[in-house]
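So the structure is just underneath, and the comments pick up after that.
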Amino acid sequence: MEIDPISSTQMGTPASQKDAKALQFIEEMTRNADSVQQNVLAQILNRNAETEYLKGFSLDGATDRETFKSLVPIVTYEDLQPLIQRIANGDRSPILSSHPISEFLTSSGTSAGERKLMPTIKEELDRRQLLYSLLMPVMNLYVKGLDKGKALYFLFTKSETKTTGGLLARPVLTSYYKSDHFKTRPYDPYNVYTSPNEAILCPDSFQSMYSQMLCGLYEREQVLRVGAVFASGLLRAIRFLQLNWQQLTHDIRTGSLNPKVTDVSIRECMTRVLRADPDLADFIARECEKEIGRELLQEFGPTRNILR
C-alpha cells in the first residue's frame with residue numbers, strides 16, 4: 001500500500017505516518033466494502049474447498065457470492081455443533097477448516113446457559129492484532145495527548161479448559177492476553193499500562209484486581225486514562241475500591257503487600273512497585289472516606305484525558 005506523506009484524509013488529519021497508514025487502510029476497506037467482501041469470500045472458499053463441510057454442497061470450485069448463497073444455507077450454531085464436537089473430541093481431519101484448529105474461543109454462555117465453542121486458527125491472532133491496532137489512530141483524531149502518561153486499564157483473564165481432544169477452550173480476550181502478541185508486545189507510547197502482565201494474567205480475580213488497583217494508585221500522577229474492556233469491569237473496580245481501600249492504603253503507607261495476594265509472580269513483580277508513601281495513603285484515604293465514584297476516578301490522574 002503506497003502511503004503519501006502525512007496529509008488529511010476523509011477521517012481527519014493523522015497524528016503520525018503510522019496513523020496515516022492505518023487510517024488509509026480503514027478508508028480503503030470501507031470505501032470498497034462490497035468488493036472487499038467478495039474477495040474475502042473467494043479466499044475463504046478457495047482455501048477451504050476440500051473441507052468436509054464445503055464439499056457437502058457441491059460448489060465444484062465456485063467462489064462467487066451468487067453460487068455460494070444459492071448452495072450454502074444459513075445455519076445456526078446448533079447446525080454445526082456435531083462437527084464442532086468432533087473437532088473437540090480430537091478429529092484432526094479438515095472438517096470446517098483446511099488449516100489446523102489451534103484452540104476454541106468460547107462465548108459467555110449468557111444466552112443459552114452454556115458456552116459455545118468456536119474453532120479458530122493461529123493466523124486469526126494476526127487479524128485480531130490488526131483490528132486492535134486500528135483503534136488508537138482513530139482515537140488520536142479526536143483526543144490529543146494519548147501518547148503521554150500511562151493507562152490504568154483493568155484487564156483480566158478467565159478460566160480455560162481443555163476439550164477431550166486436548167484443545168484449549170477459553171474466551172477471546174484470555175486467548176489474546178496469554179499470547180505472545182500481548183506478553184511480548186513492543187513498546188507503544190499509546191498503550192503503557194500501570195498493570196504488570198503478571199497481574200493481568202493471574203487467574204484469581206481478587207489478586208488480579210487488587211494488584212492492578214494498587215499499581216494504579218501508586219502511579220496516579222502518571223495516569224491519563226482509566227478504563228476496562230467492558231463497562232461492567234469499571235463498575236467492578238469502583239466497587240472493589242469501596243470494599244478494599246483501607247487495606248490498599250495500609251499497603252501504600254507501609255510499602256507492604258496484602259498477604260491475601262499469594263501468587264508468586266505477582267509478589268515478585270510488586271517488589272518493583274511497592275514503597276512506603278504515607279502522603280499518598282493519606283490522600284487516598286481522605287477521598288475514599290468521602291464518596292467513591294466518578295469523582296475519585298478523576299483523582300486517579302490530575303490530567304486524565306479519557307475514561308473508557
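Give, as residue ranges, the helices (runs of 4 or more DSSP H) completely inside segment 43-95 that count at least 2 residues that are touching a Cys at 6+ places or on another chain (Cβ under 8 Å), of a type in the set (A, V, I, L, M) and over 28 Å from THR106 (Cβ atoms).
Correct list: empty, since no element meets the threshold.
Testing GLY216 on (1) touching a strand residue (DSSP E or B) at 6+ places or on another chain (Cβ under 9 Å); (2) farther than 26 Å from PRO137 by Cβ; (3) not basic (Lys, Arg), one condition comes back false. Which one is that?
(2)
Can you give me the number of residues within segment 165-177 that are part of a loop (DSSP other than H, G, I, E, B) and either surrounded by fewer than 18 Cβ atoms within 10 Å (Cβ to Cβ) or among the hydrophobic types (A, V, I, L, M, F, W, C) (or both)?
Number of matching residues: 3.
Every residue, every condition in (1) within 18 Å of SER97 (Cα to Cα); (2) surrounded by 15 or more Cβ atoms within 10 Å (Cβ to Cβ); (3) over 27 Å from the mean Cα position of the chain (by Cα), yes or no:
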| residue | (1), (2), (3) |
| --- | --- |
| ALA22 | no, yes, no |
| GLU28 | no, no, no |
| ASP34 | no, no, yes |
| LEU41 | yes, yes, no |
| ASN48 | yes, yes, yes |
| THR51 | yes, yes, yes |
| LYS55 | yes, no, yes |
| ALA62 | yes, yes, yes |
| ARG65 | no, no, yes |
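Quick one: in segment 71-102, of everything that is among the small types (Gly, Ala, Ser) and either surrounded by 12 or more Cβ atoms within 10 Å (Cβ to Cβ) or modelled with pLDDT under 95 (or both), which residue is nearest to ILE121 (Cα to Cα)?
SER102
Determine whether THR184 is closer than 19 Å to ASP263 by Cβ and β-branched (Val, Ile, Thr).
no
How many of the residues in segment 108-124 are in a loop (DSSP other than H, G, I, E, B) and free of Cβ contacts under 8 Å to residues at least 40 places away in the same chain?
Of the residues in segment 108-124, 10 are in a loop (DSSP other than H, G, I, E, B) and free of Cβ contacts under 8 Å to residues at least 40 places away in the same chain.
Looking only at segment 113-166, which residues are of a type in the set (Gly, Ala, Ser) and over 21 Å from ALA228 (Cα atoms)?
GLY113, GLY165, GLY166, listed by residue number.
Got a number for residues in segment 137-164 being exposed (fewer than 15 other Cβ atoms within 10 Å of the Cβ), in a loop (DSSP other than H, G, I, E, B) and over 17 Å from the mean Cα position of the chain (by Cα)?
Count: 6.
The values are calculated or read from the model by the stated rules, or taken from the named source; none is laboratory data. Nothing here was measured: the structure is a model prediction, and the numbers come from that model. Ideal geometry is used to build each Cβ from the backbone, glycine not excepted, and the neighbour counts take in all protein chains shown.
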